[in-house]
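Here the structure is laid out as structure tokens; the discussion comes afterwards.
What follows draws every value from the coordinates through simple rules; no lab data is involved. Here the structure is a predicted model, which is why all the values come from computation and not from measurement. Please note: Cβ atoms are built from the backbone with ideal geometry, for glycine as well, and neighbour counts cover all protein chains shown.
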Amino acid sequence: MSRIKKVRGFQDIYGENAKKYRFVVDTARKIFERYNFEEIILPYVEDVSLFIRSVGEETDIVQKEMYIFEDRGGRRVALRPEGTASAVRAYIEEKLYAKGGYHKLFYEGAMFRYERPQAGRYRQFHQIGAEIFGTDSPLADAELIKMVKEILDRLCIEVRLEINTLGDFESRKRYMEVLKEFLKKREDALCEDCRKRIERNPLRVLDCKIESCREATKDAPVLMDFISEESLQRFEKLKEYLNALKIEYEINPRLVRGLDYYTDTVFEFITDKIGAQGTVAAGGRYDTLVNQLGGPETPALGFAAGIERLMLLVDKLPEKKSLIAVIPVVTEFNIEGLKTAQKIREKEIKTELILKEGSLKSKMKLANKIGARYVVFVSEKPELKDMETGEQEIFQNIDDLIDALAGKI
Ligand code: ATP
Ligand code: MG
């Protein structure tokens with residue numbers, strides 16, 4: 001019979017990779033909590049119009065990457081392609097703003113985009129991300145960037161930070177007109193997607209990954225020359241704060257990000273180690289989005305990082321915890337074995353009861369294979385074997401053995 005395979009662009013994450021996945025998420029969680037962010041667990045399915053109205057009608061995500069379907073009740077829904085839109089919807093719908101002050105939230109989980117699968121790019125991928133609602137202080141931008149940097153440092157991932165400012169909506173509109181004129185003159189040199197973008201979303205042309213498009217837009221007018229004094233000043237403040245935190249950055253005037261909702265600060269953490277899929281974490285401000293989706297005017301900002309891309313860059317997992325194998329030497333000691341394994345686990349020690357009947361030799365072979373550091377032989381006179389030194393010690397009873405074991409680990 002033919003076997004059923006996983007769907008293109010989807011993956012099983014297991015073994016060493018599952019450990020890396022957990023390591024990335026656990027590390028991020030610790031840092032989020034240290035910065036006083038609270039978790040929000042968001043739905044995977046949302047009304048399709050949420051993404052059209054936030055990510056933007058003309059973006060790649062909405063134009064060609066979303067998983068959209070009709071549910072059995074006739075609702076047009078999408079598997080979420082990103083987390084910010086849902087976080088904003090929840091912020092408004094759950095009236096989080098009513099509590100006053102500002103809100104710092106983090107999330108984790110799967111995102112879905114119908115893209116061409118390749119290393120570091122999948123159709124189901126996973127992100128960690130965080131959002132801050134309700135403050136326009138550039139202190140928030142600096143702290144958010146510092147937090148992301150800290151996560152990356154903890155994972156021993158080397159990156160460079162690129163920042164830019166997109167200015168406010170008005171200045172961006174003025175710039176877009178000038179950019180459009182420029183792009184029209186170079187239309188022939190652009191890819192098909194970019195030609196369509198000239199009218200609909202000219203900013204995105206600057207973000208195109210295709211080399212010939214990059215070449216053709218090398219001398220494009222620069223957004224920084226068009227933005228308001230206020231935006232420039234806030235950018236200066238951010239730079240000052242980053243300097244104070246000793247965070248190195250480069251200003252990349254072409255950095256625009258692929259989503260429509262950004263205003264003012266945008267940033268990307270980039271590595272050169274994994275080829276074209278080099279952006280591992282990215283984010284920025286989106287001061288108008290909450291209002292645009294029907295909430296009160298609320299300045300906000302956030303970031304997201306792709307867990308799979310971080311996993312590609314993690315090469316050392318933290319030291320493994322020692323594993324204890326419990327072996328009932330003969331079947332008569334199975335019940336004692338069950339109980340012993342439980343008792344050891346109660347001491348928060350990683351324990352495997354050898355789930356195998358048969359000769360003691362075959363059980364030992366298995367203990368070896370799973371990498372047990374110590375083996376506990378359960379019999380009338382319990383024994384502890386150090387698998388590294390080969391030393392063996394006999395105890396009067398199992399409790400004495402466990403006490404001795406706990407002292408060694
Ligand atoms: P890219 O330019 O690589 O397509 P993006 O601008 O679409 O990224 P965002 O929407 O900002 O990315 O998502 C934030 C992060 O999520 C990215 O920096 C990347 O690490 C990760 N990411 C995005 N799309 C994918 C994907 N299809 N597979 C794996 N990771 C992804
Ligand atoms: Mg993309």
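Total lysine pairs in segment 324-408 at Cα distances under 15 Å, for residues eight or more apart or on different chains: 11. Using only side-chain charges placed at the Cβ, +1 for Lys and Arg and -1 for Asp and Glu, the dipole size of the chain relative to its Cα centre rounds to 1300 debye. Taking segment 70-215 as the region of interest, the number of lysine pairs whose Cα atoms are within less than 22 Å, with members eight or more places apart or on different chains, is 13. When shorter helices are ignored and each DSSP H run of at least 4 residues is given -39500 (n - 2.57), the per-residue value for the chain at 222 nm works out to -11000 deg cm²/dmol.
Under the shape rule built on the C-alpha gyration tensor, where the axes satisfy a ≥ b ≥ c, the chain is prolate, since a/c reaches at least 1.5 and a/b is greater than b/c. Gain on full extension, evaluated as 0.36 nm per residue between residue 176 and residue 35 minus their Cα-Cα distance, stands at 47.1 nm. Between residue 116 and residue 348, the FRET efficiency estimated from the beta carbon spacing at R0 = 41 angstrom works out to 0.35.
Taking a span of 20 Å or more along the helix axis (Cα atoms) and a mean Kyte-Doolittle hydropathy of at least -0.5 as the rule, the DSSP H helices of the chain that qualify are 138-154.
Taking amide H positions as placed in the peptide plane 1.01 Å from N, state which residues far from residue 263 in sequence (5 or more) or on other chains have amide H under 5 Å from it. It is 285, 286, 287, by chain and number. Can you compute the FRET efficiency between residue 406 and residue 14 using 1/(1 + (r/R0)^6), with r the Cβ-Cβ distance and R0 = 30 Å? Round to the nearest 0.05. So the FRET efficiency works out to roughly 0.45.
Specify which residue in the list 279, 359, 126 is farthest towards the positive end of the charge dipole of the chain, using unit charges on the beta carbon of Lys, Arg (+1) and Asp, Glu (-1), about the Cα centre. Farthest towards the positive end: 359.
Between 338, 220, 100, the Cα set farthest toward the positive side of the dipole of the chain (charges on each charged residue's Cβ, about the Cα centre) is that of 338. Most simply put, segment 324-408 has about 45% antiparallel DSSP beta bridges, counting only bridges with both residues inside it. For segment 288-326, the residues whose backbone nitrogen is under 19 Å from a point 7 Å from the Cα of residue 169, taken along Cα to Cβ, are 288-302. Using a simple spin-label model with pseudo-atoms 7 Å out from Cα toward Cβ, residue 187 and residue 320 lie 6.2 nm apart. With contacts taken as Cα pairs under 8 Å and at least 6 residues apart, the chain reaches a relative contact order of 16 percent. Starting from the Cα gyration tensor of segment 324-408, take the square roots of the eigenvalues, sort them a ≥ b ≥ c, and report rounded, prolate or oblate (rounded when a/c is under 1.5, otherwise prolate if a/b is larger than b/c, else oblate). In terms of gyration-tensor shape, rounded. Give the shape of segment 75-171 as rounded, prolate or oblate, defined through the alpha-carbon gyration tensor: a ≥ b ≥ c are the square roots of its eigenvalues, a/c under 1.5 means rounded, and otherwise the shape is prolate if a/b is larger than b/c and oblate if not. It is oblate, given that a/c is not under 1.5 and a/b is not larger than b/c.
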